[in-house]
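Here the structure comes first, spelled out in structure tokens, and everything after it is commentary.
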Ligand code: NAP
């Protein structure tokens, strides 16, 4: 019998902590040079409990990284015009380097219209079509935080990705598509799989790198993976609670236990990609601050 491998665990939590520390140091240097702190404005519309938690933790992380956090809360029934005029005000505010509008927005507000209203140079989420376009033609702009975080973990683990086969499962604008673009820019041979892909297990089995961004609990099984593949699990799914428990366990899109016996390296859920998202948001904000202040962006960012 072939001996089973045990995949190396890619510790996104530790990597993210290091990135946040580096951002904090550079943010303090920025303050010295620019005579002001870098600033991130986060806008929350309504009372969605999960969004409130995200906004609170983004605010705390921003302050901990020596940057200024501006929190703007609008009521659930705020009009689209109210939100657009707030975004317009933040676009013109020199203390604000990055603007993040927490999604999802209430149904009566057109998300695309709001994203389009954010100045592309303050769009630290990288969702504006101008930034999607910049990524696609290889100009510097802002790249969505989650895929950029995945890319950092991949290059840290693998170094040069040239010529590697990468399969991205999922084609959303915020994860799958920018992820594929980043891998392509790094000279990987990229396949994007989605719900209409035929024989997904066979497609995934070709991959040296698998990025799963689907939103289906433990969908990717051990026997879909090539021996030694590097697996980045973006999915965050809550299982139904076990009897007696209040909340179900969080799992990714990959069957972590099984996959760990075949993969060379794998991100856990939680503690893998998740913590990278906020760390990259802080990094993007500090990049924006340097550009807005006319300063060179430090290479270590
Ligand atoms: P999304 O917009 O719902 O996109 C899901 C993608 O998966 C779609 O392209 C869909 O294909 C594809 N898909 C669905 N079922 C499939 C199947 N059976 N086989 C193959 N592909 C399938 O989701 P998202 O926003 O990209 O997020 C994906 C996951 O990542 C979610 O679990 C989300 O919670 C998580 N996430 C995590 C972070 C983080 O910080 N860690 C950040 C963002 C998202 P079609 O296009 O054909 O419908």
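Residues in segment 50-57: is at least one part of a helix (DSSP H, G or I) and under 17 Å from residue 288 (Cβ atoms)? Looking through segment 50-57, none of the residues is part of a helix (DSSP H, G or I) and under 17 Å from residue 288 (Cβ atoms). Would you check if there is a residue in segment 105-118 being buried (at least 19 other Cβ atoms within 10 Å of the Cβ), under 17 Å from the mean Cα position of the chain (by Cα) and assigned to a loop (DSSP other than H, G, I, E, B)? Taking every residue of segment 105-118 in turn, none turns out to be buried (at least 19 other Cβ atoms within 10 Å of the Cβ), under 17 Å from the mean Cα position of the chain (by Cα) and assigned to a loop (DSSP other than H, G, I, E, B).
Among what's in segment 37-54 and is at pLDDT below 95 and buried (at least 16 other Cβ atoms within 10 Å of the Cβ), pick the residue that is farthest from residue 106 (Cα to Cα). Walk me through it before giving the result.
The first filter runs over segment 37-54 and keeps only residues at pLDDT below 95, leaving 47-54.
The next check asks that each one be buried (at least 16 other Cβ atoms within 10 Å of the Cβ); those that pass are 48, 51, 54.
Values: 48: 9, 51: 12, 54: 16 Å.
Per the stated criteria, the residue is 54.
Closer than 29 Å to residue 91 by Cβ, modelled with pLDDT of 95 or more and out of contact with any helix residue (DSSP H, G or I) (no Cβ under 8 Å at 6 or more places or on another chain): does that describe residue 280? Give the steps one after another, and end with the answer.
Numbers: closer than 29 Å to residue 91 by Cβ: yes; modelled with pLDDT of 95 or more: yes; out of contact with any helix residue (DSSP H, G or I) (no Cβ under 8 Å at 6 or more places or on another chain): no.
When the stated conditions are applied, residue 280 does not pass them.
Criterion first (at pLDDT 95 or above, farther than 30 Å from residue 55 by Cα, in a loop (DSSP other than H, G, I, E, B) and out of contact with any helix residue (DSSP H, G or I) (no Cβ under 7 Å at 6 or more places or on another chain)) does residue 162 satisfy it? Step through it out loud before you land on a result.
Working: at pLDDT 95 or above: yes; farther than 30 Å from residue 55 by Cα: yes; in a loop (DSSP other than H, G, I, E, B): yes; out of contact with any helix residue (DSSP H, G or I) (no Cβ under 7 Å at 6 or more places or on another chain): yes.
Yes.
Suppose we filter 254, 297, 273 for residues that are more than 16 Å from the chain's Cα centre (by Cα), within 14 Å of the ligand (Cβ to nearest atom) and either buried (at least 21 other Cβ atoms within 10 Å of the Cβ) or farther than 29 Å from residue 9 by Cα (or both); which single one remains?
Unique residue meeting the criteria: 254.
Part of a loop (DSSP other than H, G, I, E, B) and on the phi > 0 side of the Ramachandran plot, is that true of residue 271?
Criteria met by residue 271.
Does residue 131 qualify as being within 19 Å of the chain's Cα centre (by Cα), more than 14 Å from the ligand (Cβ to nearest atom) and either modelled with pLDDT of 95 or more or over 20 Å from residue 12 (Cβ atoms) (or both)?
yes
Would you mind telling me which numbered condition in (1) within 22 Å of residue 165 (Cα to Cα); (2) assigned to a loop (DSSP other than H, G, I, E, B); (3) more than 11 Å from the ligand (Cβ to nearest atom) residue 243 fails? Status for residue 243: all satisfied but (1).
Of all residues in segment 173-202, those satisfying the criterion of being within 13 Å of the ligand (Cβ to nearest atom) and either buried (at least 17 other Cβ atoms within 10 Å of the Cβ) or under 21 Å from residue 140 (Cβ atoms) (or both) are 173, 174, 175, 176, 177, 178, 179, 180, 191, 192, 193, 200. In segment 137-160, the residue that is farthest from the ligand (Cβ to nearest atom) out of those that are surrounded by fewer than 23 Cβ atoms within 10 Å (Cβ to Cβ) and over 27 Å from residue 122 (Cβ atoms) is 160.
The values are calculated or read from the model by the stated rules, or taken from the named source; none is laboratory data. In this text the structure is predicted, and so the values were computed from the model without any measurement. Cβ: placed from backbone, ideal geometry, glycine included. Neighbour counts: every protein chain shown.
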